[in-house]
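Below: the structure, in structure tokens.
Only the coordinates and a few stated rules stand behind these numbers; no lab work does. Being a predicted model, the structure only gives us computed values, none of them experimental. No Cβ is skipped: glycine too gets one built from the backbone with ideal geometry, and neighbour counts run over all protein chains shown.
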Amino acid sequence: MKAHLMGLAAACMFLAATGASAGSTLGTTVAHAMLDVVITIPAIVRAEARADPASLRVTAEDVKRGYVDVDGASSVVLTSNARLGFLLAVAFDRALVDGVELRMAGRTVRATQSGVAIVVQSGPLVRKRIPVAYRFYLADGARAGEYRWPLAVSYLPASL
């Protein structure tokens, strides 16, 4: 990639220099050229090797307490060049869950509405395995039972 960028910069300089010459009949030659090069590398976040449970078990004690903790059941491998960290786009089943806390990378973030994006400040990451723990706040009327996994999470670059 670096060699490709260097070749591109050299070609731009060659083209600019060949088109920026001037001559004089008096025997003197003066040439001026300016070249501004801006290379923009877009921010990326790549989530690999995601491991989420297939279901969520809610016990009678969980219903009484009002939440379910799920520790050590999920992980994700993240690669990101985003200096500001990444966004978690969180969606959950409102029939079962009123809100969710995600504990990852030493931080706890909470979503009280489905469909929100939350900034997680992390800096650049290179294939970093991050364990994810959850606290699901149960919706009114939730009952004990086995449910399909009620959460969908997407990872996006954070930007200004």
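What are the ³J(HN,Hα) values, in whole Hz, obtained from phi via the Karplus relation 6.51 cos²θ - 1.76 cosθ + 1.60 with θ = phi - 60°, for each residue of region 88-101 in sequence order, with x given for Gly and Pro?
Per residue, the Karplus-derived 3J(HN,Hα) values read 9, 8, 10, 9, 9, 6, 5, 5, 10, 10, 8, x, 9, 10 Hz.
For residue 60 and residue 109, calculate 0.36 nm times their separation in residues minus their Cα-Cα distance, and state this gained length in nm to one decimal.
Between residue 60 and residue 109, full extension yields an extra 15.0 nm.
Rounded, prolate or oblate: which fits region 45-157 when a ≥ b ≥ c are the square roots of the eigenvalues of the alpha-carbon gyration tensor, with rounded for a/c under 1.5 and prolate only if a/b beats b/c?
It comes out prolate by the Cα gyration axes.
Test of understanding: extend the Cα→C-beta vector of residue 75 to 7 Å, then name every residue of region 43-64 with backbone N under 15 Å from that spot.
What the label zone holds, given the 15 Å backbone N cut-off, is 48-53.
Which loop trypsin sites (Lys or Arg not before Pro) in region 93-160, with loop taken from DSSP, have no more than 13 other Cβ atoms within 10 angstrom of their Cβ?
Taking region 93-160 and a limit of 13 other Cβ atoms within 10 Å, the loop trypsin sites (Lys or Arg not before Pro) found are 94, 143.
Could you work out the relative contact order of region 44-125? I mean the mean sequence separation of Cα pairs under 8 Å and 6+ apart, divided by the number of residues, in percent.
On the way: 116 pairs, mean separation 26.6, N = 82.
Relative contact order comes out at 32 percent.
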